[in-house]
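Peer 1: Below is the structure I would like to discuss, written out as structure tokens.
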Amino acid sequence: MTTLNFVALCGSLRAGSLNSAVAHAAAALCPPGVVLTVDNGLDALPFFNPDVEQACPPPVVAAHRARLAAADAVLLASPEYARGTSGMLKNALEWVVGSGDLVDKPVAVVTASPSTTGGDRAQAWLAETLGMMGARVLPESLRIPLATNKITDGRVTDEETLASLRDLLEAMARACRTVS
Ligand SMILES: Cc1cc2nc3c(=O)[nH]c(=O)nc-3n(C[C@H](O)[C@H](O)[C@H](O)COP(=O)(O)O)c2cc1C
């Protein structure tokens, strides 16, 4: 069986980010035959501009697209800001609308939030955008409510959350091995 290459895009820049902790926990929980790389560098991307895209996308954009194109599946770890995802993550997605790097690709979303709703509105918002982009949005996507009780010092400590993350990674691997 060939190794599956997953990429996690982290939508938060905060040093103590709950979502960054979740993305790194996922990297450590991958099933055999799966490697997940966390991309914490979405702030290096310029704001999306169709003129720049048409003229010549900068190398940082080309590298972002190439990472997503090479991924077998993508995990989005998103904060909920003002009932949506972060501007940074939305921007990273805008750069791959035209290039089509997420078309037919399995994409799972995880939202960790201190609130009881667990980022459900960011989750719904991303599902809508990803659907428009032609991604295969996995129904197993995960919300982590009351996340400050489950993540301590950058580590996911809650057993139920760890089990849910393992299940999510298994679902991503199954999706890669199943033709849509
Ligand atoms: C400007 C701002 C807006 C926010 N809006 C929401 C929101 O609409 N819904 C929500 O559940 N949490 C909201 N939050 C709380 C964030 O979800 C929380 O800070 C979370 O920890 C951010 O993700 P991170 O820990 O990965 O950085 C907001 C926080 C800030 C600073």
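Peer 1: Take the alpha carbon atoms of segment 104-142, find their center, do the same for segment 33-55, and report the distance between the two centers in whole angstrom.
Peer 2: Using only Cα atoms, the two centres lie 18 Å from each other.
Peer 1: Of CYS176, CYS56, how do they rank once you tally other Cβ atoms within 10 Å and put the fewest first? List each step's numbers first, then the result.
Peer 2: Numbers: CYS176 19, CYS56 9.
Sorted ascending by nearby Cβ count, the order is CYS56, CYS176.
Peer 1: Percent of alpha carbon pairs in segment 6-176 separated by more than 27 Å?
Peer 2: I get 19 percent for the Cα pairs in segment 6-176 exceeding 27 Å.
Peer 1: Then there is this: Nearest 0.05, what FRET efficiency do ASP158 and ALA66 give at R0 = 35 Å with Cβ-Cβ as r?
Peer 2: 0.50
Peer 1: Taking the chain as the reference, fit the longest principal axis to its C-alpha atoms, fit the long axis of helix 59-70 to the helix C-alpha atoms, and give the angle between the two in degrees, 0 to 90, nearest 10.
Peer 2: 60 degrees
Peer 1: May I pose another question? Taking 0.36 nm per residue of sequence separation and subtracting the Cα-Cα distance, how much length would be gained by fully extending the chain between THR178 and VAL35, in nm to one decimal?
Peer 2: 49.7 nm
Peer 1: Next question. Check which residues have an amide H placed less than 5 Å from VAL38's amide H, if you skip close sequence neighbours.
Peer 2: ALA8
Peer 1: Take every DSSP beta bridge whose two residues both sit in the chain, then give the antiparallel share in percent to the nearest 5.
Peer 2: 10 percent
Peer 1: Kindly write out, for segment 98-113 in residue order, the coupling ³J(HN,Hα) from the Karplus curve 6.51 cos²θ - 1.76 cosθ + 1.60 (θ = phi - 60°), rounded to whole Hz, with x marking Gly and Pro.
Peer 2: Once θ is set to phi - 60°, the couplings for segment 98-113 become x, 6, x, 6, 9, 4, 6, 8, x, 10, 10, 10, 10, 10, 10, 8 Hz.
Peer 1: Order these by the 10 Å Cβ neighbour count, fewest first: THR85, THR116.
Peer 2: Sorted ascending by nearby Cβ count, the order is THR116, THR85.
Peer 1: Rank these for me by crowding, THR129, THR148, going from fewest to most other beta carbons within 10 Å.
Peer 2: In order of increasing Cβ crowding within 10 Å: THR148, THR129.
Peer 1: Show me, for segment 141-151, the HN-Hα J-couplings you get by feeding each phi into the Karplus relation (A = 6.51, B = -1.76, C = 1.60, θ = phi - 60°), rounded to Hz, glycine and proline as x.
Peer 2: Computed from phi, the couplings for segment 141-151 are 2, 10, 9, 10, x, 6, 5, 5, 7, 10, 10 Hz.
Peer 1: Name the long-range amide H neighbours of LEU4: under 5 Å, sequence gap of 5 or more, or other chain; modelled H, no Pro or chain starts.
Peer 2: Counting only residues 5 or more places away or on other chains, the set is VAL34, VAL35.
Rule-based calculations on the coordinates, nothing more; no lab input. Bear in mind that the values here come from a model prediction, so they are computed numbers and not experimental data. Every residue, glycine as well, gets a Cβ built from its backbone with ideal geometry; the counts of neighbours run over all protein chains shown.
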